[in-house]
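The values are calculated or read from the model by the stated rules, or taken from the named source; none is laboratory data. Model, not experiment: these values are computed from the prediction. All Cβ positions, even for glycine, are placed from backbone atoms using ideal geometry, and neighbour counts span all protein chains on display.
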Amino acid sequence: MEQLKTTSEKPNTDQKRSIYSIQFTEMQDWLQEQNEPKFRATQIFEWLYQKRVSSFEEMTNLSKELREKLETSFVLTTLKIVTRQVSSDGTVKFLFELHDGYSIETVVMRHEYGNSVCVTTQVGCRLGCTFCASTLGGLKRNLESGEIVAQVLESQRAMDEVEERVSSVVVMGIGELLITMMN
Ligand code: SF4
């Protein structure tokens, strides 16, 4: 992996929570707090994970009021695509910018038996493997769950273009998963 570049050392603490960090039951609870029926959670999750919309505005079977509440409470797009490179063997390599300016990489590997997305779990890494440039700047922070889920969704959007699906998720991008889980 190439060395990470950072455009900011100061995280944006005003950032709204990623909707991809919300579990289904949490969404039901949130809807109840908004005096909305719990079944709306199924509709919202279908828009997020089956139709893979890129704005709340596209969730057209929800009321305008509910869409505005979602917009006020959550952020939907947490990753900005800086570059997307496609190799001759079909491998897709993303460079994403996070909300606080840090950058991460995600790779979609194409195989005869399916497509694997290799997700990143941390910005930088403190493990210090001597062959790896990703560790040179040390560990900056762990990724939020929504940022990891968003990598899979962006990868699936790329596979949508060729009418294929991501069939497996591999946690071997930048960062050491076990350390992420222990922190
Ligand atoms: S654990 Fe992975 S990302 Fe971290 S230094 Fe080693 S090879 Fe690099």
Residue check: is THR120 out of contact with any His (no Cβ under 7 Å at 6 or more places or on another chain), at pLDDT 90 or above and farther than 17 Å from TYR49 by Cα? yes
Within the bounds of segment 164-176, is there any residue that is touching a Gly at 6+ places or on another chain (Cβ under 6 Å), closer than 22 Å to HIS99 by Cβ, in the same structural domain as SER87 (by TED's automatic domain parsing) and within 10 Å of the ligand (Cβ to nearest atom)? no
May I ask you to verify whether SER134 is over 16 Å from the mean Cα position of the chain (by Cα), in a helix (DSSP H, G or I) and of a type in the set (Gly, Ala, Ser)? yes
Only one of LEU136, LEU79 that is crowded, with 19+ Cβ neighbours inside 10 Å and at pLDDT below 95: LEU79
Residues that are out of contact with any helix residue (DSSP H, G or I) (no Cβ under 8 Å at 6 or more places or on another chain): which helices (runs of 4 or more DSSP H) entirely in segment 22-83 hold 3 or more of them? 24-33, 64-73
Keeping to segment 103-123, report how many residues are surrounded by fewer than 22 Cβ atoms within 10 Å (Cβ to Cβ) and either near the ligand (Cβ under 8 Å from one of its atoms) or among the hydroxyl-bearing types (Ser, Thr, Tyr) (or both). 3
Output yes when any residue across segment 141-159 is surrounded by fewer than 21 Cβ atoms within 10 Å (Cβ to Cβ), within 16 Å of the ligand (Cβ to nearest atom) and either at negative phi or not in a helix (DSSP H, G or I) (or both), and no when none is. yes
